[in-house]
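The values are calculated or read from the model by the stated rules, or taken from the named source; none is laboratory data. Everything numeric here is computed off the predicted structure, so don't read it as measured data. When we count neighbours, we look across all protein chains shown, and the Cβ atoms used for this are built from the backbone with ideal geometry, even at glycine. Note: areas computed on protein heavy atoms with side chains; ligands, DNA, RNA excluded. Shrake-Rupley method; radii C 1.70, N 1.55, O 1.52, S 1.80 Å.
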Amino acid sequence: MSRSRRKKKNSPSRGQKGIAIYYDMRVEDNFERCAQRLVETVAFAARTEPRRKRYLYLDVQGHKNDAGGYDRDAYEIMKEFLVGFLMPYLAEAHTPLGAFRNPKGQREDVPEVLEIKDPDERPDELLNLKMRVRGRAQDGRRSRPPLSMISDYLGLEEAACIICWSTPVHRAHAVPDGLGGSNDVRNFAPLCEEHHRQAPDVIDAESFWSWIDYACEKEAGKRLALMHKVAPALIPDPGPEPVRPPGTFFEQVKRELIDLYGWVESDFEGLAWGRVLDEFYVVLEQATGKHFGVDRKVSTYAWAYNVAKKRVQLKGLAGDDTFRA
């Protein structure tokens, strides 16, 4: 269920019998996540309701470029991915850029898994630790935008934490101002104090939004509980959340490396950890900051370890040192 509560402008097409699929490309969705989730959703509809016409309705929250239009991720989803890849498996697709119809008849053999790499991640940015933000031409604001402006940009009717929906919220920078982040509205997310304390303090806005998406998945149970409290007749009680022991600091970092960055056990056993640690401290010093005086953050350390591993691999370093936390 989307966290955007704006009323959709589109409605199912001309009363035809079929399945209406609604999807919000939220600000934390990049091209890869959005494409995979669209395919999974369409595949689920094809599997559970075969041969019924499928009408996809896509909305986009945020994802603005410097000119005020849609950024590369959103534009490629609407104009290239939907039309060039997903359209054969739909009857129609409705997007903010217009409607598209399938003139050849809907196919049912929807693939369920895609292999997509981030086209915007460049080796020179990792090696030189360049800041990554959404939009290069920042708006030059000297003060933080009001919450109403941030909420409007994100397509929200009210300023609530985009992870857990609680209030009140902080205006959290995607890239902290201490690391060169601007006061452009695209560089902000409304976060409650707890999640602001947990969010990574790094030079990479895309990694910040990836962490937001990861945290949203983890907090799904809390949001369902909140929705049940507001509308108990419509939303069933999800019950108590399973309690997961937090573990040591490095156990938490390892868990995030696996769950968010896709590491596997062999990564911890086969890497040249002496060299990774050398790179890790470079990344930590040059590309991370601190919020709330927190000396160590799980999210910041996990990001720094992941970047360090990539830097070692890019430099072609090899070795048989093993990691010991």
Answer yes or no as to whether L86 is open to solvent by less than 60 Å² (accessible area, probe 1.4 Å) and not in a strand (DSSP E or B).
-> yes
Any residue in region 299-315 that's in the same structural domain as G262 (by the TED database): show its pairings with residues that are surrounded by fewer than 21 Cβ atoms within 10 Å (Cβ to Cβ) and aromatic (F, W, Y) at Cβ separation under 7 Å, as long as the two are six or more apart or on different chains.
-> A302/Y261; A304/F280; Y305/F280; N306/Y261; A308/F280
P200 meets each of (1) open to solvent by 60 Å² or more (accessible area, probe 1.4 Å); (2) at pLDDT 90 or above; (3) assigned to a loop (DSSP other than H, G, I, E, B) with one exception, condition (1)
Flagged in region 159-176 as outside any loop (DSSP other than H, G, I, E, B) and within 16 Å of R132 (Cβ to Cβ), in numbering order, are H173
Residues located in region 170-194, provided they are closer than 21 Å to A220 by Cα and surrounded by fewer than 23 Cβ atoms within 10 Å (Cβ to Cβ) = H170, C192, E193, E194
All-but-one check, I258 against (1) open to solvent by 30 Å² or more (accessible area, probe 1.4 Å); (2) in a helix (DSSP H, G or I); (3) at pLDDT below 95, failing number (3)
Working only within region 48-67, note down all residues that are in a loop (DSSP other than H, G, I, E, B), touching a residue at least 12 places away in the same chain (Cβ under 8 Å) and under 21 Å from L97 (Cβ atoms).
-> Q61, G62, H63, N65, D66
